[in-house]
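What follows is a set of notes on a single structure, which appears directly below.
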Amino acid sequence: MTFSHSLIGAALGVLLASGAALAQEAPAPNAPAARPDVKTIGDWLVRCFPITSPSPCDMFQELEDQRTRQRILSFSIAHVPSLNRDGIQIGVPLEVSIPRGLFIVAGNYTSPNLKFRYCDRNGCFVQVPLDTPAIAALGKAGDEGKVRIFADGGKQYELRFSLKGFAGAHDDMVTQAKAKAKTPAPAAPAPAQ
């Protein structure tokens, strides 16, 4: 897949805008915060946010350590109808080897090396476009996938996640995103002087 750096940056911004915009939007004073529409399909949540966005919906899954209740893995896949493209954000715990990145492994599918985009106090995050063959492979890979990460000391870990309902959740998310997506209005031309 060949992209220019500006297209990747623009696509990632648009692809991940639904979650980022919701987190940054402050409700008007005395107005209740708008909640997303959420539907459960298999082990995935399909969320559509009440915001004006080119990608208002995503499919989401988060896994916690049962003992500590800390998040150990999160997935958010969003679709941008105007680009007919998907993007994924994967969050993993801190103390991973940043240079080594991570891999998604499911059935016969192994992703290319996915590099971390940033880390904050909540973990380290990959944000990349996800091509149609990868979506199809994940939809057919069975009930379970793994995210392979590496610790700073070199030890490899595999964080398991569910693929139950993946294909149906993706189809539903794409359908809803197409119905609800809003593209920014083009800028008006400057008046002639």
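I'd like to know if the range 57-64 contains one or more residues that are farther than 23 Å from residue 142 by Cα and in contact with a strand residue (DSSP E or B) (Cβ under 7 Å, 6 or more places away or on another chain). Yes, the range 57-64 contains at least one residue that is farther than 23 Å from residue 142 by Cα and in contact with a strand residue (DSSP E or B) (Cβ under 7 Å, 6 or more places away or on another chain). Could you list, in sequence order, all residues of the range 81-97 that are farther than 26 Å from residue 172 by Cβ and surrounded by fewer than 17 Cβ atoms within 10 Å (Cβ to Cβ)? Of everything in the range 81-97, those that are farther than 26 Å from residue 172 by Cβ and surrounded by fewer than 17 Cβ atoms within 10 Å (Cβ to Cβ) turn out to be 94, 95. Residues satisfying the criterion are present in the range 60-70 (criterion: surrounded by fewer than 14 Cβ atoms within 10 Å (Cβ to Cβ), at pLDDT below 95 and of a type in the set (Asp, Glu)).
For the range 37-68, which residues satisfy the criterion of being more than 16 Å from the chain's Cα centre (by Cα) and within 22 Å of residue 122 (Cα to Cα)? The answer is 64, 65, 66, 67, 68.
The values are calculated or read from the model by the stated rules, or taken from the named source; none is laboratory data. From a predicted model like this one, the values you see are computed outputs, not experimental measurements. Counting neighbours? That spans all protein chains shown, and the Cβs are built from the backbone with ideal geometry, glycine included.
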